[in-house]
Structures are given as structure tokens and as C-alpha cells.
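Just dropping this structure here.
What follows is calculated from the coordinates using simple rules that are stated; it is not laboratory data. Being a predicted model, the structure only gives us computed values, none of them experimental. Here Cβ is always computed from backbone atoms with ideal geometry, including for glycine, and neighbour counts include all displayed protein chains.
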Amino acid sequence: MLQQMKRIQVIGPKPAFNQVVDLLYQEGTLHLEDVSRSVSPVEIPLDKVVLDTADDVAAVLGKINGIFSTLPTLSDDTIRQDEIQKTLRSRNHDQVLARAQEIIHTLETTTRDLTARKSELTLTITALNRYSKVLFILQPLERELPMLEGFEVTILLILKEHSDVVDIIRKEIDIITSNQFEMSSTSVDAETLAAIMVFNKRHSEQVHSFIYSVNVNEVRLPREYMGKPFFEMFALIEENKLRAGDEIKKIDADLLNLASSWYQELVVLRKALEDMNDELGAFSNFAFSEYTFVIMGWIPKKKLPRAKKSLSDVFSDRVVVRELDTTEKEMEGAPVFYDNPRWVKPFEVIMQLVAPPRYREIDPSPVLAVFFPLFFGIMVGDIGYGIVILLIALLIKKLYGTIAFAASVADILLISSIPTIIFGYLFGEFFGDFGEMMGWLHPVHFLGITWNRVEAMIPMLILAISIGVLHVFLGLVMGMRNAIIMKSRKHLSEKTGMLLMLTGIILLMAMLAGIVPDAGMYPTVILIVVALPMILYGAGVFGTIEVMSTVGNILSYARLMAIGMASVILAMVANRLGESFEIVIIGVIVALLLHALNIALALFSPSIHAMRLHIVEFFSKFYVGGGVVYKPFRKAVVEEGGRIG
């Protein structure tokens, strides 16, 4: 549920400012407000806090990240990092900053030069490989090249998709050289053509200017290669490539040695600087008067006594915490803080798919935590599948339990596997009808119905629609509650009218089906007559259209039956197909593969549809959203339940 928030103001003498900020940062419960926007200059003349240190920390952090980008990544040594962290905790901001600058002075120039040299060598190897291709193209002309004294050989590399540019170049070079040139083209690879041109050197400047103007990639051999036999040029290229490769290996070894010495401290230092940057970045929310500082923000009511005690223990009466009176409008801007029981917390990850609720809206997370597993269990409804899903959830928790999102998903699957097993027992399903075939279990007979999903299609449909009615009615009741809290008469009238209208429509359909006696006609008409003006007052003419939309929402719950039916039929197909093979092992493998596919579908399809029934059909009856997320002034930590604060 959403916790009650209190708006507070912390006031104290200027000399205690930094110490108070550090204490609040360690407490990590205050959602900061910009004091300069919240306090009128007429009330107290205040100046925003401006810290040059914040710019220094940001600059140093940028340089540390730059060093990280040059060093190879090593695995974290948690023992060594803990030791370094303990040392850093005993230092103040200036000392941590000084240590970071010391490391930057030691590493920055060295790592930058090594990286720059490595990049240069990599480009050299790329160029040498290109020269090899060029020489390979020119090699058929080797005998003629000595006779080309006074002429220049140029090679153009052109993408085949732009091959028409060759004719354009040929025509222009013809004009420049007065037709005193030779040009031929050949394929280098699947994407590139090489155009070889031989022309008199006196036309060199004009030719190269034209080539530059058409933006064609021109390749010229370095002077050191000219005049040598081709075998010597190939040997020289290979020698230079080996030399460059050896130097790159030496640079990599040097960078690895630097990483071995500094990487663990850099990891801890970067995290410390990030925390410091976050803390100092929040200083723009604070303000000074001539002699005092002012800090404002929101804090959960249940955490306020501890915050007051912490400040009182350190500063006694020198620092005052004032609880501020807030208007209705100010309360609308209060941040939203979830504080749900452990079994509800995993479902908060689904709430991240929609905008946060407004402060006074009801938190739908507990309802989601009840109905999502129920919907999932009805759709999957198989003991065997439930056990497999339970094992998958436990495996995810073991392998990825430290990742907040993965842990929440695992918990949702784990909770949902329980109703899956329960409904599997009710439907008599263990890997489809395999359990029934083996005589292990049978569908339960209840309310005069044998709950075999294949045979009890109509009862299953009625069950699904009944759940839809309950769910949508609950949403409308929650909408009425929100309207009362928000003091919105029109919304209250709309939701109440919708509830009465739907009740009247359901009674009318029940009478037509013979379930309710004809005497129910009078209360039905009264309900509809009373509901219609309430809907028109609350939502206008469009409210009447919304009635039909809501009926469609209820009918949408039929998917609980349909998806479950598809699942059990696929499971039965797997069993029958497995039986049809004379070789037992092949039949078992085929059946297992189909069941594996069905379980994979069961993990995704019911989850998606259960979310849709909540977000589209249910939330639309009461949920507005658009609230402010509670972001306390503290280090980023992963809270229990996988939420990051």
C-alpha cells in the first residue's frame, strides 16, 4: 500500500550544514524539494547553494571513466575492494577527491598514450592489408611497370552499387589528359571494384583534384614500396604487419599490468565518486539565508520519528525539524512510496508498466498480487506444469537472484505456481490427461459439475465471466473510493451509476436465461432508471458508450477459459502423439518436446493476458496515475522485493 507522507523543513545554523546533509544522506529517507521554489522570498530571503566542488567531482569522475575505457576489464576482487572501501570511508570528500586526482596523474597520460599508439598501429595494419590488395591487383602489370617511367599509377576503390561512376570518371579523365591514359576495372571482393588508371605525371594535380571532388576512395602506395619488385613489397608489408602486431601485444600487456595494479581501486573509487556526485548534485535543492540553511522535502510518516531522533542526537536543539501544514493541491504533489508486504512486493514490477499512482489514489498492488496468480492458475491449471514452473522460478532465483527484475519475475512465477497446482488438482490435470490415463487423479466433482476442462466448457466460461464481473465491480468500487478521497462528485456519480447499470444488465440477462424469476424485473428497471442520469451527470453522453465498453471488458475475461482450453488440448495432443509411436523412446521424446513447448507458452501467454486483464479491463475503472515517484536522498540501493531506491 502507499504510505502516508509528511512534508518537512529542516533549519539550522550554516556551520552545521555539511554535517546535516551527510547525516540525511546516510539516513536516506528524505525526498528533496527545491527550497527556492517552495519558500517565497517575501517569507525568507534565500540564496541557492552553489558548490564548485560538484563541478570538480564531475570532472574527476569523467577522467576516471576515461581511464576505465582504456584498461582491460578484470573480474571483481570483492575482498580487495572491501579493504579499499573501508579506507575510503574514513576519508572526507576532499581526501577522496585528492586520491582520485593522484591516480589520474599517475595513469591518465600513460594510458592515453598507449591507447593512442595502439589505435595508430591498428590503422597501420588496416592500411597494410589494403596495400596487399592493391599489389595483388597490380601484379599482372608487373612486367609493364618499369616501362611506365614518367607515368603515375592510381587505384580507385568503388562500391559495386555505385559502379556507374566509373564511366563518369573515364570521361572526365579523358578530357583532362586529352585521351592519353589507360583505365581498367576489376573486382576486389563481393562489394568492391578497383579501377586502375595510368596517366602522365604532368596531369597528376588535375586528376587528383577531380577524384577528390567526386569523393572516391583513392589508394596510393607509400614511396618506400615504389621501385621494388613485387615479392619484396609483399615481404615488406608482412614484416611491417608483424612488427605492428608485436607492438600491439606489448601495449596490451602494459595495459593489463596497469589494470592488475589499479583496477580494483578504480572500481571502488568510481563508485564513491558517483555517490559523491549524486549527493553534491542535490545541493542545488538547498538554500542559505544570512545565518541559516534550509532543507525541505517529503518523508514517510513512519520514518519521521527516526529522522528527528538522529538529528536531535547529533545537533540537539541547534537543528529544527518542522512538520509543514499542506494544502490539498500540495498533497497532490507528494511522492508515492510503496510499502507492501513481502508477498506483494514482486508485483510492484508490473506496476512499473503504468504511470505511478497519484498520492491519494488507492494502490492496486495488493489486488494485483491476489488476482494475477489466480488468473495464471486458471489458465495453466496443471499440476505437472505448476511443478515445472516452480522449479524454473527457483532456478532463476538461484542464478539471477541479485538482479532486481529477475528476482521479482521469479517470485511472481513461484507464487503463481501454487494456484496452478491447486487448479490442476481441481481439473484433474497432470501434464494434460496423463495423470488421469495413469489413474493417479481425476477431475473434482463440485457443485454438480465434473471440472474436466475439455468437457465442462460452458461451466468454465461461466466461471471466467463471473470472475470478470467480480474484478470489474471491484475496480468500480475502488474508483468510488478514489472519487470520495479526491472529492470529485462527478466521478463518484459516474462510478456508482456504472455499478448500478451493470447490476441491472446482469439481472436482466439472468431473467432472460431463466435463472432469476420474472419478479426481478421491477428492481432491474429501477436500477437502470436510477443509474442512467447518474452516468450522464458524471460522464455525459460518452458515459453511455462506456457502459457497452465495460460490458465488453467483462466478456474479455472469457480468455481465462479459452487460453486454458488451448493449453490442455495441446497437452493432450502431446500425450496422444507420444502414444502413436511404436518405438517407446521416440514417443517419449516427442511428448516431452511438445510439453516443453506448452510450458514455454504457459510461462508467457497467461502472464501477458493476466497483465492485460488488469491494466486494460481493471485499471480503467479507477486508475488515473501521474504521481511522483519517491526518490530519497541516498545512495542507490536495491531494496527487498527488487525495487531500486
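What FRET efficiency do you get for residue 76 and residue 53 if R0 is 30 Å and r is their Cβ-Cβ distance, rounded to the nearest 0.05?
On the way: r = 29 Å, r/R0 = 0.95.
In this case the efficiency is close to 0.55.
Further question on the same structure: Would you list 324, 2, 156 from fewest to most Cβ contacts within 10 Å?
Working: 324 12, 2 23, 156 20.
By the 10 Å Cβ count, ascending: 324, 156, 2.
Taking the Cα centre of each part, how many Å lie between segment 343-370 and segment 111-134?
55
According to the square roots a ≥ b ≥ c of the eigenvalues of the Cα gyration tensor, what is the shape class of segment 502-633, taking rounded for a/c under 1.5, prolate for a/b larger than b/c otherwise, and oblate for the remainder?
Working: a/c = 5.08, a/b = 1.70, b/c = 2.98.
Because a/c hits 1.5 or more and a/b fails to exceed b/c, segment 502-633 counts as oblate.
At a Cα cut-off below 17 Å, give the lysines reachable from residue 160, other chains included and same-chain residues fewer than 8 away excluded.
Partners within reach: 133.
Per-residue HN-Hα couplings for segment 499-513, Karplus 6.51 cos²θ - 1.76 cosθ + 1.60 at θ = phi - 60°, whole Hz, x for Gly and Pro?
Each residue of segment 499-513 in turn: 4, 5, 4, 5, 4, x, 5, 5, 5, 4, 5, 5, 5, 5, 7 Hz.
For residue 179 and residue 394 in one chain, what is 0.36 nm times their gap in residues minus the Cα-Cα distance, to one decimal in nm?
Details: separation 215, 0.36 × 215 = 77.40 nm, distance 7.91 nm.
Extending this stretch completely gives an extra 69.5 nm.
What's the FRET efficiency of residue 202 with residue 136 using the Cβ-Cβ distance as r and R₀ = 41 Å, to the nearest 0.05? Intermediate values should be presented prior to the final figure.
Values: r = 29 Å, r/R0 = 0.71.
About 0.90, to the nearest 0.05.
Would you mind checking 63/250; 118/271; 86/309; 490/621; 250/271; 495/621 for any pair whose Cα atoms are more than 19 angstrom apart?
On the way: 63/250 24 Å; 118/271 28 Å; 86/309 27 Å; 490/621 14 Å; 250/271 30 Å; 495/621 8 Å.
With Cα atoms farther than 19 Å apart: 63/250; 118/271; 86/309; 250/271.
Treating the angle as unsigned and between 0 and 90°, give the value, to the nearest 10°, between the Cα long axis of helix 457-485 and the longest Cα principal axis of the chain.
Taking the Cα atoms of the chain, the angle to 457-485 is about 90 degrees.
Report the label-to-label distance for residue 329 and residue 342 in nanometres (one decimal), using points 7 Å from each Cα along the Cα→Cβ vector.
Label-label distance for residue 329 and residue 342, simple model: 4.5 nm.
Kindly list the residues of segment 348-372 that lie in the label zone of residue 418, defined by a backbone N under 17 Å from the point 7 Å along the Cα-to-C-beta vector.
Only 348, 366-372 fall inside the zone, counting backbone N under 17 Å.
Follow-up. Can you work out ³J(HN,Hα) from phi for every residue in segment 566-576, in order, using Karplus 6.51 cos²θ - 1.76 cosθ + 1.60 and θ = phi - 60°, giving whole Hz and x for Gly and Pro?
Here the 3J(HN,Hα) series is 4, 5, 5, 5, 5, 5, 5, 4, 4, 5, 5 Hz.
At 222 nm, what value in deg cm²/dmol follows for the chain if DSSP H runs of at least 4 each add -39500 (n - 2.57) and the sum is divided by all its residues, to the nearest 500?
Values: 21 runs with 388 residues, N = 645.
The helix contribution divided over the chain gives -20500 deg cm²/dmol.
Length gain on complete extension for the stretch residue 624 to residue 485, per 0.36 nm per residue less the alpha carbon to alpha carbon distance? Don't jump to the answer; show the numbers that get you there.
Working: separation 139, 0.36 × 139 = 50.04 nm, distance 1.33 nm.
Length difference between fully extended and current span is 48.7 nm.
For the residues 289, 213, what sequence is obtained by ranking on other C-beta atoms within 10 Å, fewest first?
Numbers: 289 14, 213 9.
Final ranking by Cβ density, sparse to dense: 213, 289.
Give me the distance in nm between label points sitting 7 Å out from Cα along the Cα-to-Cβ direction at residue 108 and residue 631, one decimal.
It works out to 2.9 nm between the two label points.
Would you mind telling me the antiparallel percentage of the DSSP bridges in the chain, rounded to 5? Show your work: numbers first, answer last.
Details: 43 of 45 bridges.
Here the share of antiparallel DSSP bridges comes out near 95 percent.
With r as the distance between the Cβ atoms of residue 313 and residue 541 and R0 = 45 Å, compute the FRET efficiency 1/(1 + (r/R0)^6) and round to 0.05.
Details: r = 62 Å, r/R0 = 1.38.
Approximately 0.10, to the nearest 0.05.
With the Cα gyration tensor of segment 264-420 giving a ≥ b ≥ c as the square roots of its eigenvalues, does the rule (a/c under 1.5 for rounded; else a/b larger than b/c for prolate; else oblate) give rounded, prolate or oblate?
It comes out prolate by the Cα gyration axes.
Roughly how tilted is helix 584-612, in degrees to the nearest 10 and between 0 and 90, from the longest Cα axis of the chain?
Roughly 70 degrees, rounded to the nearest 10.
For segment 362-623, with the dipole built from +1 on Lys and Arg beta-carbon atoms and -1 on Asp and Glu ones, taken about the Cα centre, which of 585, 412, 606 lies farthest toward the positive end?
Positive-most Cα among the choices belongs to 412.
With the crude spin-label approximation of a point 7 Å out along Cα→Cβ, what separation in nm comes out for residue 616 versus residue 160?
4.7
Something else now. How large is the dipole of segment 362-623 about the Cα centre if only Lys and Arg carry +1 and Asp and Glu carry -1, each at its Cβ, rounded to the nearest 20 debye?
On the way: 12 positive and 13 negative charges, 200 e Å.
It works out to roughly 960 debye.
Quick one: work out Rg over Rh on the C-alpha atoms of segment 221-336, Rh as Kirkwood radius. Walk me through the numbers before you get to the answer.
Values: Rg = 32.0 Å, Rh = 21.8 Å.
Value, to two decimals: 1.47.
Place a +1 charge on the Cβ of each Lys and Arg in the chain and a -1 charge on the Cβ of each Asp and Glu, then give the dipole magnitude about the Cα centre in debye, rounded to the nearest 20.
Values: 60 positive and 71 negative charges, 407 e Å.
Around 1960 debye, computed over the chain.
How much length, in nm to one decimal, is gained on full extension between residue 576 and residue 589, taken as 0.36 nm per residue of separation minus their Cα-Cα distance? Provide the component values of the computation, followed by the final result.
Working: separation 13, 0.36 × 13 = 4.68 nm, distance 1.27 nm.
Between residue 576 and residue 589, full extension yields 3.4 nm more.
Something else: Under the rule that an exposed site lies in a DSSP loop and has at most 14 other Cβ atoms within 10 Å, name the longest stretch of the chain with no chymotrypsin sites (Phe, Trp or Tyr not before Pro) of that kind, not counting the sites themselves. Can you show the working numbers first?
On the way: sites that count: 291, 343, 440, 581.
Longest gap between qualifying sites, sites excluded: 1-290.
Quick one: Karplus J couplings for segment 236-249, per residue in order, coefficients 6.51, -1.76, 1.60, θ = phi - 60°, nearest Hz, x for Gly and Pro?
5, 4, 4, 4, 5, 5, 5, 5, 5, x, 5, 5, 5, 4
Return 569, 169 ranked ascending by Cβ neighbour count within 10 Å, so the fewest neighbours appear first. Don't jump to the answer; show the numbers that get you there.
Numbers: 569 14, 169 20.
Going from least to most buried by this count: 569, 169.
Still on this model: Looking at the square roots a ≥ b ≥ c of the eigenvalues of the Cα gyration tensor of segment 362-623, which shape do they give, rounded for a/c under 1.5, prolate if a/b is larger than b/c, or oblate? Please list the in-between numbers first.
Working: a/c = 3.17, a/b = 1.70, b/c = 1.87.
It comes out oblate by the Cα gyration axes.
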